[in-house]
């Protein structure tokens with residue numbers, strides 16, 4: 001049905017065009033490939049009215065998601081809330097703040113369900129029966145869950161230091177989960193070899209051009225939920241550096257197709273942890289090339305990619321849009337996880353703490369405009385990274401089932417009653 | 001705005017009518033109070049067309065949710081997926097099966113966000129600044145999260161044996177979390193005393209009539225997503241026994257208002273754990289009164305209510321509709337959690353395992369019709385009850401980042417590759 005909308009794959013460096021197959025790099029210059037659309041065809045059916053009449057999932061934007069037929073995997077993904085965050089705005093000193101909450105994306109509670117829905121729907125179209133991924137955690141759960149629902153075999157490769165919730169959140173689905181002695185970059189290289197050797201569909205290797213496009217649905221939802229407006233400023237966590245670029249692309253596509261009034265002048269802000277800050281460091285030092293971080297060390301494990309595939313493009317985009325990038329340490333991450341939870345009732349994983357903490361830092365630096373509309377992107381759920389909090393949050397006070405004991409506790413205004421740092 | 005729709009509170013035993021205030025029992029006979037509606041007023045605006053034009057949250061059914069003005073708490077709650085579960089259906093031997101997946105309800109990943117959204121919106125209307133709850137875990141997180149977002153003070157009382165994810169999932173929001181040495185029934189009694197003594201709004205004590213109505217939104221969504229049809233059979237986990245009754249009530253209300261064609265003949269099936277089966281036991285022994293379970297002992301801690309407030313009504317409803325009730329042991333619970341994950345990519349908490357395992361048992365007993373449409377209600381997320389799985393699921397195989405090691409592993413078809421029981 002939507003086969004007419006995707007014209008092929010195109011090298012981001014030299015522009016060479018390839019057919020829409022499982023291929024992720026240009027054979028001429030090894031540049032990354034990106035999906036190319038026939039926007040004239042898209043424009044005919046991609047209207048506000050048509051979109052609003054469709055079910056509230058990521059597939060309401062189907063003309064700009066590179067699946068040719070009906071999606072067969074992840075049909076319910078997306079449609080997550082955009083929260084008007086007035087209490088957090090007050091704490092941060094902002095006028096108009098929104099939180100895009102993909103911590104409650106389904107099925108696996110991270111934005112990765114968006115990219116996996118596209119990649120696995122495409123994998124089915126291309127005839128793959130075995131799929132896989134290299135993951136820092138969220139992708140593992142998403143590939144495992146969505147592959148299980150689709151009846152695909154799944155190989156999930158992860159670094160051997162991940163959080164319990166992320167490991168269990170992949171094995172429970174019956175995926176073949178293999179822990180690699182090393183960091184994400186080791187895992188990723190091995191996956192490239194495996195995809196080539198076994199001919200399997202690795203969502204973030206040979207299916208990467210299709211996969212990455214799924215992230216655009218997050219941007220489309222933000223714009224639609226703002227009343228078909230584009231925010232002035234967006235703060236995005238960066239691991240491989242793909243999401244920030246795809247969000248910006250989604251805004252530009254809406255502008256190009258006339259669904260929002262342009263010009264789009266959104267400033268893109270990239271958030272990283274100090275223990276793994278290759279892209280932030282590139283921006284802050286005004287370097288041309290991204291210098292890999294050899295040994296990532298941060299509680300934000302989902303962002304611990306030392307050699308980010310899209311790091312170059314992300315740093316360029318941040319510069320081009322007039323945004324900025326920063327990184328924050330583990331204590332700041334935990335503090336901001338708590339701030340987000342206490343003000344907006346959203347429990348994000350450590351990466352969400354990175355996003356909020358970097359926003360705080362950039363506001364203090366004057367790099368984020370307090371009066372411009374701002375969106376913070378939350379990409380994963382706090383239940384997945386409990387290890388980061390367990391020693392930092394006070395345990396409950398324990399009392400007997402007695403009103404007298406409760407009165408003694410409350411009457412004394414016991415400080416232990418309030419959850420504070422241990 | 002919707003103030004005209006709720007006429008008052010009504011005793012479920014003697015029918016005495018009370019004003020819509022924070023009161024949960026009849027002063028004549030201590031019968032539980034229930035919200036009474038003016039269905040003639042409701043019928044004027046509660047149409048399929050009106051509902052379908054509203055945002056996809058629980059509030060699209062607002063005429064039948066007892067909040068007088070605009071909801072102020074939990075505005076984004078609900079709208080969870082109803083999954084057509086063909087792979088699980090095949091495994092169970094059913095023809096038409098759906099899973100209602102409230103494991104991805106937001107903000108706190110359980111169906112409790114529905115009841116809390118109503119209770120706290122009502123609490124704000126009634127002028128409460130401090131709210132609270134007695135919880136087996138999911139309610140704790142939901143009250144804490146939603147109260148934080150609304151800027152309300154929250155006291156959350158729990159048994160002292162809860163899972164880490166549920167404890168952390170309440171404290172993170174800054175709620176005052178107090179663990180009681182005892183089981184849920186001890187906690188619940190203390191909360192009744194506290195609500196009375198301090199004049200606070202306890203969602204499942206003095207706000208219970210409003211609170212409980214929130215569950216109906218799950219039933220409304222099931223019917224709408226089935227194309228305004230009512231399922232023939234519904235399997236529901238039972239703790240206090242409220243949800244099963246409210247689901248049935250939601251179907252009857254849709255019938256009464258002409259949104260579905262009647263008559264509604266849905267058979268209601270109640271699921272419990274063998275370690276805490278007061279309602280199932282009542283049904284199975286054809287008893288009139290519910291005999292409390294003194295010392296609940298099950299991994300399904302969220303269902304561990306030994307003296308269920310709505311146990312009598314639940315057992316009556318199950319009988320009246322021609323349904324049945326069963327209970328399952330811990331091993332069966334874990335097996336069914338895995339079955340659900342491996343077939344449909346849904347990771348439910350232990351209570352979800354109870355629901356699937358009881359469905360399996362009732363199918364084997366011939367009590368569930370294999371050819372009738374069936375809905376399984378999943379009410380909470382698997383990330384919250386990791387303890388139940390951690391020793392039952394194989395850990396990942398660990399290898400070096402080497403293609404040769406991977407080939408040796410896969411080539412040998414090592415049984416450790418597949419997640420099997422340890």
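Summary table
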{"quantity": "Percent RCO, i.e. relative contact order, over the stretch A:213-311, from Cα pairs under 8 Å lying at least 6 residues apart", "calculated": "30 percent"}
{"quantity": "Label-point separation in nm, residue A:126 to residue A:261, each point 7 Å along Cα→Cβ", "calculated": "4.2 nm"}
{"quantity": "Principal axis dimensions, the protein assembly as shown - Cα atoms, whole angstrom, descending", "calculated": "84, 57, 51"}
{"quantity": "Which of A:112, B:16 has the fewest Cβ neighbours within 10 Å, and the rest in rising order", "calculated": "B:16, A:112"}
{"quantity": "For the stretch A:178-200 versus the stretch A:202-270, the gap between their alpha-carbon centres in whole angstrom", "calculated": "28 Å"}
{"quantity": "Ascending list, in nanometres, of distances separating the residue B:258 label from those of the other copies (7 Å, Cα toward Cβ)", "calculated": "4.2"}
{"quantity": "Rounded FRET efficiency, nearest 0.05, which uses the C-beta distance separating residue A:4 from residue B:288 and R0 of 51 Å", "calculated": "0.15"}
{"quantity": "Alpha carbon centroid spacing (whole Å) that separates the stretch B:290-326 from the stretch A:84-110", "calculated": "38 Å"}
{"quantity": "The stretch A:1-147, relative contact order [Cα under 8 Å, separation at least 6], %", "calculated": "19 percent"}
{"quantity": "For residue B:13, label point 7 Å along C-beta direction: distances to other copies, nm", "calculated": "8.0"}
{"quantity": "Full-extension gain in nm, residue A:48 to residue A:181, via 0.36 nm per residue minus C-alpha separation", "calculated": "43.0 nm"}
{"quantity": "Helix A:350-364 vs. chain A, principal-axis angle (Cα, 0 to 90°, nearest 10)", "calculated": "80 degrees"}
{"quantity": "In degrees, nearest ten, helix A:184-198 long axis to first principal axis of chain A (Cα)", "calculated": "30 degrees"}
{"quantity": "Reference-scaled alpha-carbon Rg (2.2 N^0.38 Å with N residues) for the stretch A:257-340", "calculated": "1.23"}
{"quantity": "Between helix B:112-126 and chain B: long-axis angle, C-alpha atoms, 0 to 90°, nearest 10", "calculated": "30 degrees"}
{"quantity": "Antiparallel DSSP beta bridges within the protein assembly as shown, as percent of all bridges there, nearest 5", "calculated": "30 percent"}
{"quantity": "Expected 222 nm ellipticity per residue - DSSP helices of 4 or more, -39500 (n - 2.57), all of chain A, to 500", "calculated": "-11000 deg cm²/dmol"}
{"quantity": "Within 10 Å of each Cβ in B:390-400, the average number of Cβ atoms from other chains", "calculated": "5"}
{"quantity": "Relative counts (whole %) of C-alpha pair distances in chain A, using bins that are 10 Å wide", "calculated": "5, 22, 33, 25, 10, 3, 1, 0"}
{"quantity": "Which of A:385, B:72 has the fewest Cβ neighbours within 10 Å, and the rest in rising order", "calculated": "B:72, A:385"}
{"quantity": "At 7 Å out from Cα toward Cβ: residue B:181 inter-copy label distances (nm, ascending)", "calculated": "4.8"}
{"quantity": "Test item: A:145-152 mean partner chain Cβ contacts at 10 Å", "calculated": "4"}
{"quantity": "Cβ-based exposure ranking for B:197, B:12, in which fewest neighbours within 10 Å come first", "calculated": "B:197, B:12"}
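Values quoted throughout were computed directly from the atomic coordinates according to the rules given, and no laboratory measurement underlies them. All of these numbers come straight from a predicted model, not from anything done at the bench. Note that we place each Cβ from the backbone using ideal geometry, even for glycine, and neighbour counts take in every protein chain shown.
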